[in-house]
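One structure below.
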Amino acid sequence: MTGKRRGHGEGSIYQLPDGRFRAAIDLGWSNGKRRRKYVTRRTRAEVVKALKEMTVLAETGRLSTQRVPTLAQWMDTYLSEVASAKVRPSTLHRYREEVEHHIGPMLGRHRLDKLTPGHLTSFYRDRTTVLSVGSVRRMHANLRRALNVAVRWQLIHVNPAALVEPPSLPHVEVRPYSLVEARRFLRAVEGLRLEARWLIGIALGLRQGEVLGLRWDDVDLGSGTLRVRGQLQRNPDTGDLVFVETKTARSRRTLPLPPTVLEALRRHQERQAAERFDADSWADPALVFATAVGTPIHPRNDYRSFREIIRRAGLRQVRLHDLRHTAASVLLAQGVPARVVMEILGHSQISVTLNIYAHVAPEIAREAASRLEGALWSGE
């Protein structure tokens, strides 16, 4: 062991065989063992600076005596003790898969206090070659939340994920149905057993899980309103369909029903009552949209029905979620303010609504130009 004699107040500093410098600060006894914290830097000056910072943390009680876990160990703790109490089972399942297949194999060996922004940047760059940018950004958000908790628990002092920008999300143009296409879709579903399901999807923009999770208690046919309070989801661990509350407070909303949708729901209720009368048994009489025996409709079967409807109608293939975008597009094109559309669709941020607005902006601009012409030059 070589190196200069340590200066006054520098604590225990020595030089390693590879030329780097190491400092140790004594944290006293814990569980019968002497605890020390070590810091290694390239130069003595860097070690002196780090040692002073550690001393301040120790004197203020912010320097933990716990052994710093690896990222893999910490993610297991975080998911089990923190995230499990806050997120849905499906979300927790996805988090665990991300750790098992991606975060753990590539970053899990690093101790939290040794994890650097460079490690994360390289990880994101590598993962974008095999995953979508959206998936990588979700992993970044998960890591940032987990490491924020590690900071609060005084395992580390700085969250390296907060110092890193995730990959930029490429712009994806929203291509909802035009008004002409929307009318063709409505003609295609006219008279179907679940006509009301599709009218709600394209007129009110409910998410698939929100529509399939509707209960008759949520529908007031007298006042012509519909409440969105929950969703139908598939449990990824068991495969069972479960009813859960909406994800955010903004998603919980009460909507007025257009007269055509209201009448379709009344017809649907009558038809369902007849089906229940003829059936040997009916699983859940509270469900608005159910199978022929009253069980929840599986989202996969609902999607298959949608694909068949648009195939028979000769409409271009779009995502089921684009019915929701179609509702927003039609509302915006009719001059409904974006803030009102945001409330109807339960968007969490106005930016989501305005992204759809960009699709219909040219049409609205042409209408505005026509109105301007009438106001300025056609009034005399």
Seminar exercise, completed: Reported set for the range 136-152 where residues are within 17 Å of the chain's Cα centre (by Cα) and either more than 10 Å from PRO167 (Cβ to Cβ) or modelled with pLDDT under 90 (or both) is ARG138, MET139, ALA141, ASN142, LEU143, ARG144, ARG145, ALA146
Exercise. Can you name the condition, by its number, that ARG193 falls short on among (1) surrounded by fewer than 19 Cβ atoms within 10 Å (Cβ to Cβ); (2) free of Cβ contacts under 8 Å to residues at least 40 places away in the same chain?
Worked result: (2)
Seminar exercise, completed: Checked GLY191, GLY205 against criteria (assigned to a loop (DSSP other than H, G, I, E, B) and out of contact with any helix residue (DSSP H, G or I) (no Cβ under 8 Å at 6 or more places or on another chain)); the one match is GLY191
For this session: Might you let me know whether the range 163-180 holds any residue that is among the small types (Gly, Ala, Ser) and out of contact with any Leu (no Cβ under 9 Å at 6 or more places or on another chain)?
Result: yes
For this session: Give the range 146-177 a look and list any residue that's touching a residue at least 12 places away in the same chain (Cβ under 8 Å), open to solvent by 30 Å² or more (accessible area, probe 1.4 Å) and under 20 Å from ALA328 (Cα atoms), or say none.
Result: GLU173, ARG175
Exercise. So which of ALA196, ALA188 is modelled with pLDDT of 95 or more and either among the hydroxyl-bearing types (Ser, Thr, Tyr) or in contact with a Leu (Cβ under 6 Å, 6 or more places away or on another chain) (or both)?
Worked result: ALA196
Exercise. Take the residues of the range 126-145 that are part of a loop (DSSP other than H, G, I, E, B) and in contact (Cβ under 8 Å) with a residue 12 or more places away in the chain: which is surrounded by the fewest Cβ atoms within 10 Å (Cβ to Cβ)?
Worked result: THR128
For this session: Have a look at PHE123, PHE185 and point out the one that is aromatic (Phe, Trp, Tyr), part of a helix (DSSP H, G or I), open to solvent by less than 10 Å² (accessible area, probe 1.4 Å) and closer than 30 Å to LEU331 by Cα.
Result: PHE185
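For the range 286-329: of the residues being open to solvent by 60 Å² or more (accessible area, probe 1.4 Å) and among the charged types (D, E, K, R), which is nearest to ARG234 (Cα to Cα)? Steps first, please.
Kept after step one, since they are open to solvent by 60 Å² or more (accessible area, probe 1.4 Å), are these residues of the range 286-329: 292-293, 300-301, 303-304, 307-308, 311-312, 316-317, 319, 321.
If we keep only those that are among the charged types (D, E, K, R) too, we end up with 300, 304, 307-308, 311-312, 316, 319.
Values: ARG300: 10, ARG304: 16, ARG307: 20, GLU308: 22, ARG311: 26, ARG312: 28, ARG316: 28, ARG319: 19 Å.
Restricting to residues being open to solvent by 60 Å² or more (accessible area, probe 1.4 Å) and among the charged types (D, E, K, R), the top hit is ARG300.
The values are calculated or read from the model by the stated rules, or taken from the named source; none is laboratory data. Only a predicted model underlies this, so the values are computations on that prediction, with no experimental measurement involved. All Cβ positions, even for glycine, are placed from backbone atoms using ideal geometry, and neighbour counts span all protein chains on display. We work out accessible area using only protein heavy atoms, side chains counted, and drop any ligands, DNA or RNA first. Shrake-Rupley method; radii C 1.70, N 1.55, O 1.52, S 1.80 Å.
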